[in-house]
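> First, the structure itself, so that you have it in front of you.
The values are calculated or read from the model by the stated rules, or taken from the named source; none is laboratory data. Treat the numbers as computed from the prediction; the structure is a model and nothing was measured. Quick reminder, even Gly has a Cβ in these numbers, built from the backbone with ideal geometry, and neighbours come from all protein chains shown.
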């Protein structure tokens, strides 16, 4: 039984975001939560009273540094870190693995542990699982971390596997070293940027009796998109009844994205490290207080913040302290940042409990990513003349995000195309990358790409831009777009300021003549009902499946529709890879029953994953293939089957029987 007695209180609809609570040896902890970093048993520039007032529940401190100074004997003499510091709430101790990783050439790792020289006196030390845990027991932290070997997230697979396997062996030794201590202990899942290794690491470690699990080895070289993808993938294999901790992450937008993907706990030096640099995190984005635009500002750092910094001090004063290099400025901005982080976590928790997290996510996503250096404050000036270009056409209208990009909304249904994701970003991440995945498996020959549901042409143009930037020589690529209503693209073309992907000759040429061609690329438009026009098109190799939505184009999301698509495969070996933004069980089951293999697609926006599907098994995508856990979730869910199930006369039991005989699951 877990020493923390974790209780899951709520999970948000449309998200994996969770709210829970657990009890350490010193206090009850509410999740999701952020832990300020106090490497040397103190958080830089902060008093413990300030940290308590800000809402800190757990402070993170570091075994490696405390081993060297003051040393475990001091903690044994004084009765642990709580007596030593007089901090009344919880401590989590990192094992020292990351610091050993950071030392590079100054350490040597063997099966026994890591040998390194002290930066204080040059003495040689061995940090093994046993010495790490004995030191953490002497410190007396509430939560201990196992010793792990951290490697860059971008290492090749053999090196990632070697480090992962030694981490597993050290985890077992760490558990044995804990003995009967009442302190909790977390295992650390490794595997770098390799999906199958992450899955394997989670399976191995979750067989051990840890009190929680951490995702390690991220934020050490991978891109933001990769971090979010591997976080979402790893969480899928972590127990629901124990807390989940993403180590070393990150900025407010990183926390929002990770909570959405199911993470409960975070730590990072950013609030204080950036506070020292004069960077404040606020409800209107990131502000750099050294900028002269704030020299005369009498506004608070954050107009929506109730911390003592925002109540008492102006941006002008903070700007002055930053420019003068005063320690007081570092303290004030860092204190505000920690308060802001805690309030962000608290607001997410409340939204989860009230089942409105997705709405909050959509509201905060662009705000938290804002940066005053990218989008500087605009001084008041004379009003501009009204833009004469129409914002509506037929049943559609232009809607603008806070970041300035445009989307198309259908007035009658209220549905918005790309309502929560930057459209070009989603198109590149999901659809253009699917074409590239197809090419990895089938590098030779012409490729026909069906773009089903052209809309404002984000997906087709993303592929065209990608192929123009990274050409494939003379290999022909034929894009075929299907659309029954051209008003969305016609309206978007009137607003190139907000639809930057249309600043290209191809879209207008396509509307004028139905064809655009620039060897070896061609783009053809088939206007009208997809089922009627599909018979006129060449058989596809890649399909961008992006009909507007279930609500507007429900007939295109049914089992019958996916079977219809299957009829265009000229022979059993014809390769076809489909990509769609939906990750719903109904859609995935429909694809499986229609004869497709189904894979986890890359996450976009608030979706932790999307869906790819193929008619021939793609070896290069094996690690993304849905496994038996998908069938288990579907069986437990309230989803009866694919859309259009009633017309197929199948019960859920019938659906499950058919799925279990599918080649994807039969083994």
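> Looking at (1) free of Cβ contacts under 8 Å to residues at least 24 places away in the same chain; (2) in contact with a helix residue (DSSP H, G or I) (Cβ under 6 Å, 6 or more places away or on another chain), find the lone condition where residue 32 falls short.
Every condition holds for residue 32 apart from (1).
> Does the stretch 536-554 include one or more residues that are in contact (Cβ under 8 Å) with a residue 40 or more places away in the chain, in contact with a strand residue (DSSP E or B) (Cβ under 8 Å, 6 or more places away or on another chain), part of a helix (DSSP H, G or I) and within 29 Å of residue 414 (Cα to Cα)? Don't jump to the end; show me each part of the working.
If we filter the stretch 536-554 for residues that are in contact (Cβ under 8 Å) with a residue 40 or more places away in the chain, which is where we start, we get 537-554.
The next check asks that each one be in contact with a strand residue (DSSP E or B) (Cβ under 8 Å, 6 or more places away or on another chain); those that pass are 537-548, 550, 552, 554.
In the following step, the residues that additionally are part of a helix (DSSP H, G or I) were identified as 554.
After this cut, where a residue has to be within 29 Å of residue 414 (Cα to Cα) as well, the list is 554.
Yes, there is a match, as at least one residue in the stretch 536-554 is in contact (Cβ under 8 Å) with a residue 40 or more places away in the chain, in contact with a strand residue (DSSP E or B) (Cβ under 8 Å, 6 or more places away or on another chain), part of a helix (DSSP H, G or I) and within 29 Å of residue 414 (Cα to Cα).
For every residue, the table says whether it meets (1) within 27 Å of the chain's Cα centre (by Cα); (2) in the same structural domain as residue 121 (by TED's automatic domain parsing); (3) under 21 Å from residue 148 (Cβ atoms).
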position: 49; (1), (2), (3): no, yes, no
position: 57; (1), (2), (3): yes, yes, no
position: 60; (1), (2), (3): yes, yes, yes
position: 67; (1), (2), (3): no, yes, yes
position: 70; (1), (2), (3): no, yes, no
position: 79; (1), (2), (3): no, yes, no
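> Hey, another quick one. Does residue 26 qualify as being more than 24 Å from residue 354 (Cα to Cα), surrounded by fewer than 20 Cβ atoms within 10 Å (Cβ to Cβ), touching a helix residue (DSSP H, G or I) at 6+ places or on another chain (Cβ under 6 Å) and in the same structural domain as residue 89 (by TED's automatic domain parsing)?
no
> Scan the stretch 259-267 and tell me whether some residue there is in a helix (DSSP H, G or I), closer than 30 Å to residue 13 by Cα and at pLDDT 95 or above.
Yes, the stretch 259-267 contains a residue that is in a helix (DSSP H, G or I), closer than 30 Å to residue 13 by Cα and at pLDDT 95 or above.
> If you take the residues in the stretch 605-614 that are in contact with a strand residue (DSSP E or B) (Cβ under 6 Å, 6 or more places away or on another chain) and part of a strand (DSSP E or B), which one is nearest to residue 359 (Cα to Cα)?
Our first condition is that a residue be in contact with a strand residue (DSSP E or B) (Cβ under 6 Å, 6 or more places away or on another chain); within the stretch 605-614, this holds for 609-614.
From what is left, the residues that are part of a strand (DSSP E or B) are 610-614.
Numbers: 610: 20, 611: 23, 612: 26, 613: 29, 614: 33 Å.
For the stretch 605-614, the residue satisfying everything is 610.
> Then there's this: Kindly evaluate residue 34 against the criterion of being within 23 Å of the chain's Cα centre (by Cα), on the phi < 0 side of the Ramachandran plot, assigned by TED's automatic domain parsing to the domain that holds residue 264 and buried (at least 17 other Cβ atoms within 10 Å of the Cβ).
Details: within 23 Å of the chain's Cα centre (by Cα): yes; on the phi < 0 side of the Ramachandran plot: yes; assigned by TED's automatic domain parsing to the domain that holds residue 264: yes; buried (at least 17 other Cβ atoms within 10 Å of the Cβ): yes.
So residue 34 passes the test.
> Evaluate the following for residue 429: is it within 22 Å of residue 609 (Cβ to Cβ), assigned by TED's automatic domain parsing to the domain that holds residue 620 and modelled with pLDDT under 90? Talk me through it step by step, then tell me what you get.
Numbers: within 22 Å of residue 609 (Cβ to Cβ): yes; assigned by TED's automatic domain parsing to the domain that holds residue 620: yes; modelled with pLDDT under 90: yes.
Against the criterion (within 22 Å of residue 609 (Cβ to Cβ), assigned by TED's automatic domain parsing to the domain that holds residue 620 and modelled with pLDDT under 90), residue 429 qualifies.
> Can you tell me how many residues in the stretch 308-344 are in contact with a helix residue (DSSP H, G or I) (Cβ under 7 Å, 6 or more places away or on another chain) and assigned to a helix (DSSP H, G or I)?
22
> Moving on to the next point. Could you check the stretch 634-659 and list, in sequence order, the residues that are in contact (Cβ under 8 Å) with a residue 24 or more places away in the chain, assigned to a helix (DSSP H, G or I) and exposed (fewer than 13 other Cβ atoms within 10 Å of the Cβ)?
647
> While we're looking at this one, here's another question. Here are some residues: 617, 600, 588. Which one is modelled with pLDDT of 90 or more, assigned to a loop (DSSP other than H, G, I, E, B) and within 21 Å of residue 576 (Cβ to Cβ)?
617
> Another one. Pull up the stretch 209-230, narrow it to residues that are under 21 Å from residue 95 (Cα atoms) and in contact with a helix residue (DSSP H, G or I) (Cβ under 6 Å, 6 or more places away or on another chain), then point me to the one that is modelled with the highest pLDDT.
Taking the candidates together, the pick is 215.
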